[in-house]
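Read through the structure below, which is laid out as structure tokens, and then see the notes.
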Amino acid sequence: NAAGYTGEYDMASHGITVTATDAAIKYRATDSGAYGLTETPKYKDANTYTVYFEITREGYTPVTGSQQIVITKKAAKVETGSASKIYNGSALTNSTVTLSGIIADDAVTATATGSQTQVGNSDNTVTIGGTSAGNYDFSAGTTLGTLTVTEGTIEYNAAGYTGEYDMASHGITV
């Protein structure tokens with residue numbers, strides 16, 4: 001009996017399973033070369049792998065075959081992530097922010113780009129999405145977090161006038 005493995009990325013290593021009564025089982029991870037491994041090669045990252053096996057028993061014709069290990073990307077689940085920028089008088093277009101958070105079971109840092117083009121002085125929030133990365137799949141529309149654009153601060157200097165009556169008009173300076 002020989003069986004492969006198919007499953008979603010779970011941070012564990014997976015191999016194939018081969019059983020044969022009173023026989024020796026050897027493995028290899030490439031389609032050529034000697035069957036030199038006594039244990040199945042194991043893989044962790046999302047991809048498709050082929051593992052080759054050979055079953056031998058004295059007095060019997062050897063049996064060879066292969067099975068696949070298929071590890072699919074895990075759907076991303078972002079639990080936290082936000083960043084903020086202060087309006088500086090110019091449109092914030094393609095503002096890149098770094099969102100730190102938890103994706104599935106791994107602690108990660110994701111970098112995402114959001115576009116904020118409003119040039120007004122009100123608060124604005126932009127949803128930032130992602131794409132596939134590593135062992136995770138950020139499906140279309142997945143929210144990685146938000147970029148909040150807040151009102152800027154006007155910098156100014158103001159001075160009044162203090163002095164003795166001199167028949168001239170005086171005001172403040174801003």
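The values are calculated or read from the model by the stated rules, or taken from the named source; none is laboratory data. Computed from a predicted structure; not experimentally measured. Cβ: placed from backbone, ideal geometry, glycine included. Neighbour counts: every protein chain shown.
Some values worked out for this structure:
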| quantity | calculated |
| --- | --- |
| Neighbours by Cβ (under 6 Å, 6+ apart or cross-chain): first from region 16-27, farther than 24 Å from I71 by Cα; second at pLDDT 95 or above | A20/I55; A23/I55; A23/R57; A24/T56 |
| Residues of region 16-35 satisfying the condition of being part of a strand (DSSP E or B) and over 37 Å from the mean Cα position of the chain (by Cα) | A24, I25 |
| Residue within region 22-42 that is aromatic (F, W, Y) and under 19 Å from A3 (Cβ atoms) present | yes |
| Total residues in region 1-15, condition of a type in the set (A, V, I, L, M, F, W, C) and within 28 Å of the chain's Cα centre (by Cα) | 2 |
| Total residues in region 13-35, condition touching a strand residue (DSSP E or B) at 6+ places or on another chain (Cβ under 7 Å), surrounded by fewer than 17 Cβ atoms within 10 Å (Cβ to Cβ) and under 30 Å from Y136 (Cβ atoms) | 4 |
